[in-house]
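Q: Sending over a structure as structure tokens; questions will come in a sec.
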Amino acid sequence: MGYIAVAMMNYKMFPLYRIEKAFLKNKETALRRISSINGITGTVLIQTCNRVEIFLETEIRDLSDVIKAWEELSGDRKLSQDVEIAWEEEAIRHLFRLAAGLESMAIGENEILHQIKEAYILSSKLSLLSRDLRSIFDEALKVGKRVRSSTSLGKKRISIAEMAVEVAERILGGLQDRVIMVIGAGETGSAVIENINMRNKRNLRIMIANRTYDRAVQLANSFGGIALKLDDVDRFLPVVDVVFVTTSAPHYIITKERASKLEGRSTLIFDLSMPRNVDPEASRIKGIKVITIDDLREYLDEEASKKLEDIKRAEDFVEKSLENFLEKRRRSWAEEIISNFCRMVEEARKEELMEAIRILGCDEETAKVMDRMSKAMIKRIVGCLVDNLRRNLSSIDRATIELILSDYTKKEKSPETRISQ
């Protein structure tokens, strides 16, 4: 069992334009590359619209090779200056809070639980999920579900998609009689359309553009709207009041050139993509207001302030769950270390016994007596040590246990411990 760590960059540390530079474009390639580094025994990558976090099980405490690989894969040469690393209890606490929705920009949202599960499944599929990481992620997913079922946090959740729709309504005084375009028919795009329909029951005019036209048609049929091919966006953009851009394209969908066709017309553009799909220069064009995920934070913080009691209950639940899990985990790795220690002690006992019998030329009966005597001595000496370690697990960390037992398991004999004739 190695050490658990997380190397991360997220919206709490940096604005999104900084995080997008650290994005790993091909998750499978990144996972395989990082997992191939000497000492890394397990890897899970959680990458969302506002975070890149790599959870690791490692036999070494130096993650410089991991950061170097991340830099090369993302092309972000300043990554080593900005990435934050948490170890063991803090890394596991972060994952539990993440699963509970407490680290989300939209506190309590459900999407993060789905994203963690997807990351877990991908690592498992690639055989990159170590036994310890599997156990930790299994527990994190359970904690996330229990927080939502046992507190009001999940019942009052608000997603980034829902917040974007609400902000659009605040700015425009409602979306009735407005012409709306949603670019991207994935999870976020679908959530935007669903929220628009839930909040506005009449006079809705929605256009849905997507790279895969059939998916746009499917959404248009489900919610009522017009399906467009991406090539049709330029033709209809000049009549649109609100645009929600929700694709995962690696380039700008709304370029400055495309946005310039809207000059002088009052148009609201929401960029809910990561990396950003709207050229920041578009906001300089007269009449255009661009709102990014970063801009939504003040609205989301306002929502979070209404949930303080729910957040406190969820945090207490997470801490209690973490405490119970860490106690089980501590006992698990302690028993593993103690078991290995006892096995090595027994091997040493047998080795010394056989050497003593050979030197003394003992008969069978004497050999049996010596065997019983050596077992009794080991039990009295080692048994006391092991019992004390088990009783004091809560106050002794793993490194200390390994250090205490290391002297007992040295394979090389000193001259003083050799049996000589």
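Q: I'd like the residue in the range 291-340 that is touching a strand residue (DSSP E or B) at 6+ places or on another chain (Cβ under 9 Å) and not in a helix (DSSP H, G or I) and, out of all such residues, is nearest to LEU172 (Cα to Cα).
A: Across the range 291-340, the extreme among qualifying residues is ILE291.
Q: Considering only the range 276-296, how many residues are within 23 Å of LYS21 (Cβ to Cβ) and surrounded by fewer than 19 Cβ atoms within 10 Å (Cβ to Cβ)?
A: 6
Q: Please verify whether MET105 is more than 12 Å from the chain's Cα centre (by Cα) and not in a helix (DSSP H, G or I), treating the condition exactly as stated.
A: The answer is yes for MET105.
Q: LEU141 passes all but one of (1) touching a residue at least 40 places away in the same chain (Cβ under 8 Å); (2) touching a Phe, Trp or Tyr at 6+ places or on another chain (Cβ under 9 Å); (3) in a helix (DSSP H, G or I); (4) assigned by TED's automatic domain parsing to the domain that holds PHE270; which number fails?
A: Failing condition for LEU141: (4).
Q: Examine the range 206-221 for a residue that is in a strand (DSSP E or B) and more than 23 Å from ARG265 (Cα to Cα), and state whether such a residue exists.
A: Scanning the range 206-221 turns up at least one residue that is in a strand (DSSP E or B) and more than 23 Å from ARG265 (Cα to Cα).
Q: Taking the range 111-133 only, how many residues are touching a helix residue (DSSP H, G or I) at 6+ places or on another chain (Cβ under 8 Å), over 20 Å from VAL66 (Cα atoms) and either acidic (Asp, Glu) or surrounded by 16 or more Cβ atoms within 10 Å (Cβ to Cβ) (or both)?
A: Number satisfying all stated conditions: 4.
Q: Still on this structure, I have one more. Scan the range 158-170 and tell me whether some residue there is assigned by TED's automatic domain parsing to the domain that holds ASP271, among the aliphatic types (A, V, I, L, M), part of a helix (DSSP H, G or I) and in contact with a strand residue (DSSP E or B) (Cβ under 6 Å, 6 or more places away or on another chain).
A: Scanning the range 158-170 turns up at least one residue that is assigned by TED's automatic domain parsing to the domain that holds ASP271, among the aliphatic types (A, V, I, L, M), part of a helix (DSSP H, G or I) and in contact with a strand residue (DSSP E or B) (Cβ under 6 Å, 6 or more places away or on another chain).
The values are calculated or read from the model by the stated rules, or taken from the named source; none is laboratory data. Please read these numbers as outputs of a predicted model, since none were measured by experiment. FYI the Cβ positions are ideal-geometry reconstructions off the backbone, even for glycines, and counts take in every protein chain you see.
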